[in-house]
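See structure below.
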């Protein structure tokens, strides 16, 4: 299994589109990285075997959500997930730099990804 900035590729060679998010979280440690699947695609059995996949969809009430994985620093694949998370941030930074400055969630105006209010994750 390989982690890319835009998804996870299993042994079958097919890319499963995903995005990565980091804390600060309310009820979780700040070093937890969350992997979100995209477009309601179900993650492969290989990913299910390696991680605990959460999905709170309720088919009776027509509530659907994407698969979600919480990766803690104690997980053996954590370093690879952190690397993919940083690659995603670098990719997004390049993409938004082409578009110039933008209004950030912190309230300031600067190039996307340049916010100093972000928590930086480090591989232990």
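State the extension gain, in nm to one decimal, for the chain segment bounded by residue 93 and residue 30, taking 0.36 nm per residue of separation less the distance between their alpha-carbons. Mind dumping the intermediate values first?
Values: separation 63, 0.36 × 63 = 22.68 nm, distance 2.20 nm.
Between residue 93 and residue 30, full extension yields an extra 20.5 nm.
Could you tell me the relative contact order of segment 2-111? Use alpha-carbon pairs under 8 Å, at least six residues apart, and round to a whole percent.
Across segment 2-111, relative contact order equals 24 percent.
Suppose each label sits 7 Å from its Cα in the direction of the beta carbon; what would the residue 70-residue 52 distance come out to in nanometres?
0.7
Based on the Cβ-Cβ distance of residue 62 and residue 17, what FRET efficiency does E = 1/(1 + (r/R0)^6) give at R0 = 22 Å, to the nearest 0.05?
0.45
What is segment 2-111 by shape, rounded, prolate or oblate, if you read a ≥ b ≥ c off the alpha carbon gyration tensor as root eigenvalues and call it rounded for a/c under 1.5, prolate for a/b larger than b/c, and oblate otherwise?
Details: a/c = 1.58, a/b = 1.41, b/c = 1.12.
Taking the square roots of the gyration eigenvalues as a ≥ b ≥ c, segment 2-111 is prolate.
For the pair residue 39 and residue 80, what calculated FRET efficiency results from E = 1/(1 + (r/R0)^6), where r is the Cβ-Cβ distance and R0 = 25 Å, to the nearest 0.05?
Plugging the Cβ-Cβ distance into 1/(1 + (r/R0)^6) gives 0.60.
FYI, it's all coordinate maths here, none of it is from the lab. The structure displayed is predicted, hence computed values, not measured ones. Positions of Cβ are backbone-derived with ideal geometry, glycine not excepted, and every protein chain shown enters the neighbour counts.
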